[in-house]
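Engineer: The structure under discussion is supplied below as C-alpha cells; questions concerning it will follow.
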Amino acid sequence: MRRTLLGILALSFLSVAGGIFLRGSASDYTLVLSVCLRMGLVLGALWLAFDQVHDMIRRTPPWVMGGIALGMIVVVVRPRAILAVAPLLAGAAALHWLGQLLKPTPTSKKKPPNRRSS
C-alpha cells in the first residue's frame, strides 16, 4: 500500500512537471516545475528502493532518526550550521556503530556443570 502510494505520488509530480514543461510556460512557473521534478525523482527513487529503506529505518533506533531529523531542520533554517551539525551527527553515528560492534554476543543459557564436592 505504501509503495503503491509512493509510486502514484512520484508519477503525479512528474506528470505535473511534464505538463508545465510541454505547455511552454516553464519560464513562468520555474519554481513549481523544479519542485515537482525534484519531488517526483526523489519519490521515484524511494519507490524503487522501498524495501531497503524500510529495513534500514526499522533497524535504526529512534534517537538516531530524531537526531538526523533535527539536524536537517537546523541546516535548512541555518545552512552554515552544517559545519557544526555534520560532525555531531557523524560522531553520534560512529558511537552508535561502535556500541553495536562492542556489544557482547548473546550466550545460550546453559546450566553450569554439576560439581561434586570431595
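Engineer: Nearest 20 debye, what's the magnitude of the dipole of the chain about its Cα centre given +1 on Lys and Arg Cβ and -1 on Asp and Glu Cβ? Write down the numbers at each step before the final one.
Structural biologist: Values: 14 positive and 3 negative charges, 225 e Å.
The dipole magnitude comes to about 1080 debye.
Engineer: Over the C-alpha atoms of the chain, what are the Rg and the largest Cα-to-Cα span, Dmax, in Å?
Structural biologist: 24.1, 97
Engineer: Residue farthest toward the positive end of the dipole of the range 1-59, with Cβ of Lys/Arg at +1 and Asp/Glu at -1: which of Ala49, Leu22, Leu9?
Structural biologist: Of the candidates, Ala49 comes out farthest on the positive side.
Engineer: Now a separate question. Would you mind estimating how fast the range 60-101 diffuses translationally, via Stokes-Einstein at 25 °C and 0.890 mPa s with the Kirkwood radius over Cα pairs, in µm²/s?
Structural biologist: Result for D is 231 µm²/s.
Engineer: Can you tell me the equivalent ellipsoid semi-axes for the range 1-59? Use √(5λ) from the Cα gyration tensor, largest first, whole Å.
Structural biologist: Details: eigenvalues 158, 21, 8 Å².
For the range 1-59, the ellipsoid semi-axes come out as 28, 10, 6 Å.
No lab work stands behind these numbers, since they all come straight from the coordinates. Predicted, not measured: the structure shown is a model, and the values here were computed from it. Glycine gets a Cβ as well: all are built from the backbone with ideal geometry, and neighbour counts include every protein chain shown.
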